Amino acid sequence: MTDGIESRLREERKFVPSAEFSAHARVQSHAEYVSLYTQSIESPEEFWRDQTCDLVFRTRPTSFLEWNLPKAKFFGGATLNITESCLDRHLKTSARTRAAIVWEGEPGDTRTLTYFELHREVVRLSTQLASLGVRAGDRVAIYMGMVPETAIAMLACARLGATHSVIFGGFSSDALRDRINDCGAKLLLTQDGAWRRGSIVPLKQMADVAVAQTPTIEKVVVLRRIGAEKAPVTMKEGRDVWWDDLLAREAAPEHRAIAEKPAAFDAEHPLFVLYTSGSTGKPKGVLHTTAGYLAGVHVSSKYVFDLREGDLYWCTADVGWVTGHSYIVYGPLSCGASCLMYEGAPNFPDPGRFWKIIERHGVTILYTAPTAIRAFIRWGDDWPNKADLSSLRLLGSVGEPINPEAWTWYHRVIGGGRCPIVDTWWQTETGAIMLTTLPGACYSKPGSTGLPFFGVDIAVVKDRGEPCGTNEGGKLVVKSPWPSMARTLYNDDERYVSAYWKQIEGVYFTGDGARKDEDGYFWVVGRIDDVLNVAGHRIGTAEIESALVSHPFVAEAAAVGKPDELKGQALVVFVTLKQGQTANDETKANLSKHIEKEIGKFARPDSIRFADALPKTRSGKIMRRLLKEVASGATEAKGDTSTLEDLGVLAKLRADED
Ligand code: WTA
């Protein structure tokens with residue numbers, strides 16, 4: 001990639017927000033940011049008390065933090081029902097009739113839910129979930145697309161104190177099954193199918209395959225989105241129920257009471273489990289709890305997106321990933337914001353779809369990913385230029401490093417040169433934004449994720465935790481706990497501690513490499529562990545490898561990333577076949593299909609390379625660094641290769657370039 005890391009190293013431009021933007025922003029100057037940040041670090045109790053005073057607590061916290069690895073207890077003594085902050089509290093204000101969700105389906109159908117209506121729908125669904133036996137502490141799986149009902153389902157679970165686990169609709173049946181079994185969900189919410197680029201993802205059919213092997217699932221609730229003609233489904237008697245039929249049932253008074261006057265839960269009550277990729281084979285069930293998560297997403301939504309009445313905010317992420325959880329559902333709704341939600345692909349029916357949506361609804365804030373921006377650049381300026389984008393006032397980026405060229409295009413072509421860009425760095429595990437510029441307070445530098453957000457004590461360090469100097473590359477770590485951090489990995493405290501808190505003793509290791517410049521701005525390079533970021537999707541190399549070796553043809557496999565102009569990273573796999581198997585295109589297609597089945601379409605490799613053997617160290621570890629170089633076409637092996645077991649293997653791989 002010509003405009004990747006090198007140009008980020010050379011980047012020195014500063015983009016200052018306009019005086020007009022700053023004059024109306026929540027934080028208007030760098031000095032004001034510094035003063036709030038300092039308070040958040042030095043007097044966190046006071047900071048969080050002030051900043052969460054608009055949220056609904058049944059009982060207020062009496063302490064800020066008790067930290068005893070791996071147990072973090074934030075806002076001790078507090079009890080709350082998170083949905084009261086996201087819904088009920090708005091019913092007493094002008095937000096009651098304000099749009100909470102403005103939804104557009106891929107075929108062009110639209111629907112708006114006011115806060116009043118969203119609240120009513122959540123109460124209706126939680127009443128019926130209670131009648132199906134869902135109780136506080138139960139796990140509920142959600143395998144749905146981008147429809148308002150997905151947000152309704154999440155909130156309905158939260159209202160009952162049930163822990164939801166949303167599984168991205170792009171995951172395969174096998175991946176769905178494994179996640180359900182890991183968290184032991186008792187109920188699954190799904191839909192007949194989801195629109196994607198004019199065709200249908202048969203979610204219910206895939207769910208059926210999964211649920212045949214998930215002993216804990218008792219009931220499946222099915223939303224009819226598509227209809228029987230295009231998305232035929234089989235309903236299993238006694239197990240499956242249509243969403244509409246369920247809502248139409250007469251509710252018992254006790255179930256209505258649970259939903260209408262919801263219980264308050266402890267601050268640390270588990271809110272959701274979200275599976276993400278780590279550096280070993282098994283996906284991690286990242287567990288977030290209630291009060292700290294809410295505080296983090298609320299305060300960051302308010303300040304980073306500068307939300308206010310009159311805004312229409314659009315986060316283009318899928319609700320199946322953390323960005324959707326924090327910045328489509330909990331964060332913006334806790335602020336009473338109006339959120340646009342779009343069901344389908346950005347280029348359906350043509351590459352102008354996003355810009356038409358902005359024009360049609362008058363979107364003011366757009367939060368999207370660099371991969372999407374790079375695709376739009378490729379599709380040409382005509383598409384955005386044809387639309388009226390003058391309603392936009394703020395742009396955001398998330399998910400992967402943004403190259404300065406994509407940044408400046410976003411700024412100029414989409415933002416008309418007038419909209420600040422917030423490049424937000426964070427992770428599934430951090431729950432909320434950790435690094436960013438505040439749009440009215442700080443200038444931005446293309447490619448830099450800016451400064452620490454409130455309450456975030458973050459640094460770049462060397463292997464043993466010694467601080468790096470200015471502009472010196474190192475590991476990005478968080479030095480002390482913060483309210484929205486993951487509390488554990490589901491049922492696996494040990495892995496939580498070893499994956500995050502023990503690699504560098506006493507601090508949270510993010511898995512990312514970064515540097516901090518002379519102005520205190522952070523520049524995130526990307527993952528330095530065995531996790532890839534392909535088109536903004538987190539993919540564990542070990543997950544891909546274990547999928548591959550589960551195929552009967554495969555003896556050994558290694559997955560690495562290679563720089564890619566569009567996706568940031570492309571997935572390249574090296575495979576050695578078992579004796580008697582033939583290395584040809586048919587085998588490649590088979591292996592690709594196999595990964596699709598094990599994980600999902602989005603994890604299919606960009607390139608499959610066959611090798612007689614994989615290069616290994618004397619201790620038998622696959623030399624990934626070397627394979628990475630081979631994948632990206634470097635002709636000479638860099639660094640020390642003297643420990644290679646068989647240099648001939650490397651030579652063979654090189655000669656065998658695609
Ligand atoms: C990467 C997504 C550079 C990073 C919210 C991190 C970024 C991983 C940025 C987490 C950014 C996210 N600049 N890199 N603005 N935002 N990342 O868990 O490598 O899906 O560790 O969370 O994405 O991905 P996850």
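Odds and ends about this structure:
- Under 24 Å from K204, Cα to Cα: lysines that are on another chain or at least 8 residues apart: K186, K219, K230, K236, K593, K597, K601
- Near L435, the amide H atoms lying under 5 Å from its own belong to W425, F453; only residues 5 or more places off or on other chains count, and H is placed 1.01 Å from N.
- Theoretical gain in end-to-end length, R98 to R49 [0.36 nm per residue, Cα-Cα removed]: 14.9 nm
- Anisotropy class of the chain from Cα gyration tensor, a/c 1.5 cut: rounded
- Rounded to the nearest 20, the Cβ-based charge dipole of the chain about its Cα centre (Lys and Arg +1, Asp and Glu -1) stands at 640 debye.
- Segments 158-168, 389-399, 547-557 sorted - mean Cβ within 10 Å per residue, highest first: 158-168, 389-399, 547-557
- Here the spin labels are modelled as points 7 Å beyond Cα on the Cα-Cβ line, and at N347 and E237 they lie 4.8 nm apart.
- Residue list for the stretch 113-143, given a label point 7 angstrom along the Cα-to-Cβ vector of E250 and an amide N cut-off under 20 Å: 124-133
- Here each label is just a point 7 Å from Cα along the line to Cβ, and for T62 and S18 those points are 5.2 nm apart.
- Highest mean packing first, where packing is the average number of other Cβ atoms within 10 Å per residue, the peptides 568-575, 304-311, 285-292 line up as 285-292, 568-575, 304-311.
- DSSP bridge orientation in the stretch 174-246 - percent antiparallel, rounded to nearest 5: 25
- Oblate is the label for the stretch 1-148, because a/c, from the alpha-carbon gyration tensor with a ≥ b ≥ c as root eigenvalues, is 1.5 or above and a/b does not exceed b/c.
- Value of [θ]222 nm, deg cm²/dmol, for the chain, DSSP H segments ≥ 4, -39500 (n - 2.57) each, nearest 500: -8000 deg cm²/dmol
- Segment D612-S7, extension gain: residue separation times 0.36 nm, minus the distance between their alpha carbons: 214.1 nm
- Derived scalar couplings ³J(HN,Hα) [the stretch 426-436; Karplus, 6.51 cos²θ - 1.76 cosθ + 1.60; whole Hz; x for Gly, Pro]: 6, 8, 3, 6, 7, x, 9, 4, 10, 10, 5
- Reducing the stretch 233-280 and the stretch 289-331 to their Cα centroids gives an inter-centroid distance of 22 Å.
- The stretch 434-487 - Rg (one decimal) and Dmax (whole number), Cα, Å: 12.6, 37
- A dipole drawn for the stretch 459-516 from +1 and -1 charges on Cβ atoms has a positive end, and of S480, P467, T510 the residue lying farthest that way is P467.
- Whole-Hz Karplus values for the stretch 222-234 come out as 10, 7, 8, 9, 9, x, 5, 5, 8, 9, x, 9, 10 Hz, taken residue by residue from phi with 6.51 cos²θ - 1.76 cosθ + 1.60 and θ = phi - 60°; glycine and proline positions read x.
- Protection proxy ranking, peptides 524-535, 319-330, average beta carbon neighbours within 10 Å, highest first: 319-330, 524-535
- Span-like helix criteria (full DSSP H runs; alpha carbon extent of at least 15 Å along the helix axis; mean Kyte-Doolittle hydropathy of at least 1.0) are satisfied in the chain by 148-160.
- Antiparallel %, DSSP beta bridges [both residues in the chain], to 5: 60
- Debye, to nearest 20: dipole size of the stretch 1-109, +1 on Lys, Arg Cβ, -1 on Asp, Glu Cβ: 420
Bear in mind these aren't lab numbers, they're just calculated from the coordinates by the rules spelled out. None of these values were measured; they are calculated from a predicted model. Here the Cβ is made from the backbone with ideal geometry for all residues, glycine too, and neighbour counts use every protein chain on show.
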